[in-house]
Amino acid sequence: MQELLLLAAMLTGCYSCEQIIDFPESADSEALPVIEAVLIDKPEVQKVRVSYSTMISDSNAYHLIEDAQVRVISGDGDTVTYSYDADGWYFSPVYAAKAGVEYTLEVITGEVTYRSSAQVIAMNGIDSLYSKYQEAWEGEPAGYYVYMNAGPANQEDTHYYQINFTCNDTLKTLGSELWLFSDLYAERIDNLKLPVPLSENDSVAVELLSLSAGMYDYYYKLAYEVLNLNLSNISYRTNLPSLFEPKALGYFQVSAVSRKTIVVGKGASSL
């Protein structure tokens, strides 16, 4: 059994005891830093975004932090300093996370240093992609659909994954869903269907990213309490686990990444 969870539309699961922080709901709510950071095990420019939270009814506004100090310190003694680019984004030189090494993100704003630590979660990666045409069925439109095989599930522990799906150089989602799944019930990751109908000769790239259990839980709760939030009911409390010390909104995701591409059509297979 394996399901691709489109988390803006559904949520089940349990949460352990954790520090909970509130999104601001009124003008006098405390503004918190929002830190969004992903570090992967491929050599490329890594990115961190830093801003301040706003009222939940003003979710399209951003209060950028352009003068933060951002760096990642590895357990083997290396420090990578990020430089401000634009729109709240800080970029690193080209580097990659390494398996078995803990990484600590430090973001300094004013006199406060926010820290979060994580390490790469190993995975087997994508074995292959293939496409198959499907007629309209049970509410799904007709079209070509891409299927992913990723081999045996890892070891004896449950593993968690995120999927990024790009078609003709455009990131695809169904609305604003996060694409996550777990190998909890699967001995192998076989024939996992990606739920976007495509046309023949579309160029598709699929990324499979490993997640920690903490990041998986964070995204679950984010999907339920933010993406499904009815802003007309402003008394609804939106709470997320804090992944930073001291408390800040956001996340520090450290992932292994596997990437493959395919041109959709009859007999197409991955590269």
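Bear in mind that the values in this text are calculations on the coordinates, not laboratory data. Since the model is a prediction, treat every value here as computed from it, not as a measurement. Every residue, glycine among them, receives a Cβ derived from its backbone with ideal geometry; neighbour counts consider all protein chains shown.
General observations
- Proximity of backbone amide H atoms, modeled 1.01 Å from N, is registered between Val101 and Val120 at under 5 Å, excluding neighbours fewer than 5 places apart on the same chain.
- Relative to the current alpha-carbon distance between Glu200 and Ile73, full extension at 0.36 nm per residue lengthens the span by 41.2 nm.
- Peptides 178-184, 39-45 ordered by average Cβ neighbours within 10 Å, highest first: 178-184, 39-45
- Other-chain or far-sequence residues with amide H under 5 Å of His63's (modelled H): Tyr52
- Point-to-point label distance, Glu66-Ala122, nm (Cα→Cβ direction, 7 Å offset): 4.5 nm
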